[in-house]
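Only the coordinates and a few stated rules stand behind these numbers; no lab work does. Note that this is a predicted model, so its numbers are computed, not measured. Note that we place each Cβ from the backbone using ideal geometry, even for glycine, and neighbour counts take in every protein chain shown.
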Ligand SMILES: Cc1ncc(COP(=O)(O)O)c(C=O)c1O
């Protein structure tokens with residue numbers, strides 16, 4: 001399904017850090033922050049342990065607190081909906097656009113409550129959300145916007161990198177993403193004071209970083225200014241991330257090539273929708289999804305099994321948080337577009353060194369399932385349905 005593109009360069013970079021003896025929150029982390037901030041077009045980067053912790057800091061940075069409502073897409077990895085809860089707030093679910101699978105200003109507006117103080121906008125699977133109208137709505141209503149760009153490094157929106165327009169954006173470097181550090185995350189920001197606060201918060205609220213204390217000629221006695229966390233990234237991860245950042249343009253170019261090939265080869269399957277660039281931007285194709293039409297002869301979960309039986313790993317699309325037991329305490333909500341997408345989507349293998357031969361096998365396996373006669377199932381009373 002997914003595989004990082006690693007070679008001897010990441011191995012050498014990680015080994016050099018180990019040999020240096022400084023393995024956590026040191027010079028490589030600072031360098032990685034600068035490189036990612038520049039890539040994203042943000043003024044500052046704050047490296048953290050993963051995108052979930054980045055979202056937690058994002059909620060704090062956005063001033064979200066107990067009793068607040070935060071509008072989030074239900075159709076996202078569950079970390080998005082969990083983030084408001086880390087600060088005592090309530091997630092309120094918005095539906096998504098059927099073409100991009102992202103929230104829009106209209107779907108967010110429908111979900112606003114008198115207690116809404118912030119919105120988390122996800123660039124689902126790397127497809128940029130149409131964030132300008134959302135920012136305009138948020139400005140009108142005095143809401144903070146946090147962009148959960150976990151999957152979207154290197155995607156573009158209105159000609160600029162995703163994240164460039166956001167006060168706070170968060171990224172993931174998990175192996176399922178494109179730029180991979182093992183585990184890892186980054187908050188990118190425009191405001192230097194907020195970035196400094198987040199750097200303290202990731203390190204227990206300490207007034208001075210370990211690296212600055214170490215390199216100071218004076219004895220420095222730190223203070224703990226507010227309740228913080230251990231959300232540090234290691235230099236081993238950052239060193240790998242620096243090599244990966246260097247490779248990012250090549251990785252995205254290859255994914256876009258493979259995605260175009262998938263789009264072309266799958267065009268013959270009647271009614272099948274495939275992920276594509278929106279009119280206002282480009283996706284990095286972190287994931288290649290297809291949506292099965294209602295007329296597809298085989299139910300979605302059986303498609304996954306049929307592909308597996310042919311040696312092809314595929315996955316069901318992202319689930320809806322509002323249908324998960326963890327959110328059963330919230331008011332029931334109906335989100336027809338999200339619910340349809342979660343039931344009809346299939347994610348196909350896509351990674352840097354996926355060969356065209358293997359890609360052909362994926363396409364043939366899916367085309368084969370599409371040609372099956374529509375299944376007849378016994379009805380409840382035993383006769384044909
Ligand atoms: C939209 C979204 N947000 C947040 C996360 C969490 O990222 P991490 O695994 O780095 O904590 C993910 C991971 O898949 C994601 O897809």
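Worth pointing out:
- Projected label distance in nm at residue 78 and residue 1, using a 7 Å step from Cα toward the beta-carbon: 1.5
- Value of Rg to Rh for the stretch 297-358 (Rh from inverse mean 1/r over Cα pairs, i.e. Kirkwood): 1.10
- Residues residue 219 and residue 326, FRET efficiency given R0 of 45 Å [Cβ-Cβ distance, rounded to 0.05]: 0.45
- Estimated D of the stretch 69-136 in µm² per second, where Rh is the Kirkwood radius over Cα pairs and Stokes-Einstein applies at 20 °C, 1.002 mPa s: 181
- Helix-only mean residue ellipticity at 222 nm for the chain, each DSSP H run of n ≥ 4 adding -39500 (n - 2.57), per residue, nearest 500: -12000 deg cm²/dmol
- Between the C-alpha center of the stretch 35-88 and that of the stretch 241-307 there is a gap of 26 Å.
- Rounded to 10°, Cα long-axis angle of helix 131-141 versus longest principal axis of the chain: 60
- C-alpha long axis of helix 8-20 to longest principal axis of the chain, angle in °: 30
- Two-decimal Rg/Rh across the stretch 245-287, once Rg and the Kirkwood Rh are taken from alpha-carbon atoms: 1.03
- Altogether, the Stokes-Einstein calculation at 37 °C and 0.692 mPa s, with the Kirkwood radius of the stretch 1-130 over Cα pairs as Rh, returns a diffusion coefficient of 193 µm²/s.
- Share of alpha-carbon pairs per 10 Å distance bin for the chain, given as whole %: 5, 22, 30, 24, 13, 4, 1, 0, 0
- Counting neighbouring Cβ atoms within 10 Å and putting the fewest first, the residues 225, 307, 248 line up as 225, 248, 307.
- Computed over the stretch 132-289, the P(r) curve from all C-alpha pair distances, binned at 10 Å from the origin, holds 9, 28, 31, 20, 8, 3, 1, 0 percent per bin.
- Relative contact order of the chain, defined on C-alpha pairs under 8 angstrom at six or more residues apart (%): 21
- In this calculation the C-beta distance from residue 20 to residue 196 is compared with R0 = 30 Å, giving a FRET efficiency of 0.70.
- Pairwise inverse Cα distances across the stretch 204-267, averaged and inverted, put the Kirkwood hydrodynamic radius at 16.0 Å.
- Rg followed by Dmax, in Å, when the stretch 132-189 is reduced to its Cα trace: 12.6, 40
- Modelled spin labels at residue 371 and residue 113, positioned 7 Å past Cα toward Cβ, are 5.2 nm from each other.
- Nearest 10 degrees, 0 to 90: helix 300-309 Cα axis against the chain principal axis: 90
- Cα point-scatterer Debye curve for the stretch 110-217, base-10 log of I(q)/I(0) at q = 0.10 Å⁻¹: -0.37
- The separation of the stretch 142-159 from the stretch 328-343, counted between C-alpha centres, amounts to 23 Å.
- Based on the Kirkwood approach, the hydrodynamic radius assigned to the stretch 255-363 is 15.4 Å, with every pair of different Cα atoms included.
- Only Cα sites of the stretch 101-172 enter the Debye sum here, all with the same form factor; the resulting log10 I(q)/I(0) across q = 0.11, 0.13, 0.14, 0.23 1/Å is -0.23, -0.33, -0.38, -0.99, listed in q order.
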